[in-house]
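K.L.:
I'd like to ask you about the structure that follows.
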Amino acid sequence: MVKSLAKYLFSAPGHKTQCTQVQLLRVILEGDFTRVDMGCQATSYYTKGGWIRIAETTFIQVLPAGMKLKMIGTENIPKDGTKHELKSTKDWLYFSLFFPAIPFKTCKVNLIEKENSTGNDFNFYDIELKISEAIKLL
């Protein structure tokens with residue numbers, strides 16, 4: 001794959017999910033990595049809003065080829081074993097997930113925390129990355 005120095009921002013790309021607590025905010029394609037920014041809203045189900053973490057086995061799948069790229073890093077969210085405890089039902093947690101670079105072309109990707117999920121995992125399907133709608137960052 002030819003690496004590019006350009007950065008592309010996809011703001012609130014269209015997608016499908018069963019997860020209502022976590023929102024997909026944006027995807028940034030860079031020459032060396034793909035960054036997915038998300039936000040988690042505390043739930044009123046728990047007195048203090050609950051907790052959040054991400055599985056280390058999380059990956060993105062580039063469609064239609066199905067290439068799976070395992071998560072290589074996180075920012076502001078713990079991975080397996082540790083939990084971020086929310087402090088109230090009004091809390092938000094913003095975080096980023098990092099993956100190997102994907103091609104600079106129009107495609108769809110799936111973000112999968114757990115395959116065969118029951119709906120509580122951070123699984124987002126058919127995330128549309130249309131180069132014609134991307135914002136080129138300097």
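Quick note: the coordinates plus some simple rules give every number you see, no bench work behind them. Model, not experiment: these values are computed from the prediction. Reconstructed Cβ throughout: ideal geometry from the backbone, glycine too, with neighbour counts over all protein chains shown.
K.L.:
Quick check: net charge around Lys16, other residues with Cβ under 15 Å of its Cβ, Lys/Arg +1 and Asp/Glu -1?
P.N.:
Details: positive: Lys108; negative: Glu113, Asp121, Asp126, Glu128.
That sum, taken over residues with Cβ under 15 Å, equals -3.
K.L.:
Then there is this: Considering only Cα-Cα distances, which of the following residue pairs are longer than 24 Å: Lys7/Lys70; Lys16/Lys105; Lys83/Lys105; Lys16/Lys83? Intermediate results must be reported in sequence, preceding the final value.
P.N.:
On the way: Lys7/Lys70 21 Å; Lys16/Lys105 20 Å; Lys83/Lys105 35 Å; Lys16/Lys83 26 Å.
Result: Lys83/Lys105; Lys16/Lys83 exceed 24 Å.
K.L.:
Net charge around Val62, counting only other residues with Cβ within less than 9 Å of its Cβ (Lys, Arg = +1; Asp, Glu = -1)?
P.N.:
Summing Lys and Arg as +1 and Asp and Glu as -1 gives +2.
K.L.:
Something else about it: Please identify every one of the trypsin sites (Lys or Arg not before Pro) in region 38-131 that sits in a loop by DSSP and has no more than 12 other beta carbons within 10 Å of its own beta carbon.
P.N.:
Those satisfying the criteria are Lys48, Lys83, Lys87, Lys90, Lys105.
K.L.:
If you don't mind, another one. List the extent of the Cα atoms of the chain along each of their three principal axes, largest first, rounded to whole Å.
P.N.:
48, 32, 24
K.L.:
Given 4 °C and 1.567 mPa s, how large is the Stokes-Einstein diffusion coefficient of region 98-138 in µm²/s, with Rh as the Kirkwood radius over Cα pairs?
P.N.:
107 µm²/s
K.L.:
What aspartates and glutamates sit close enough to Lys79 to cross-link, taking a C-alpha to C-alpha distance under 19 Å and skipping anything fewer than 8 places away on the same chain?
P.N.:
Cross-link targets: Asp37, Glu56, Glu113, Glu115, Asp121.
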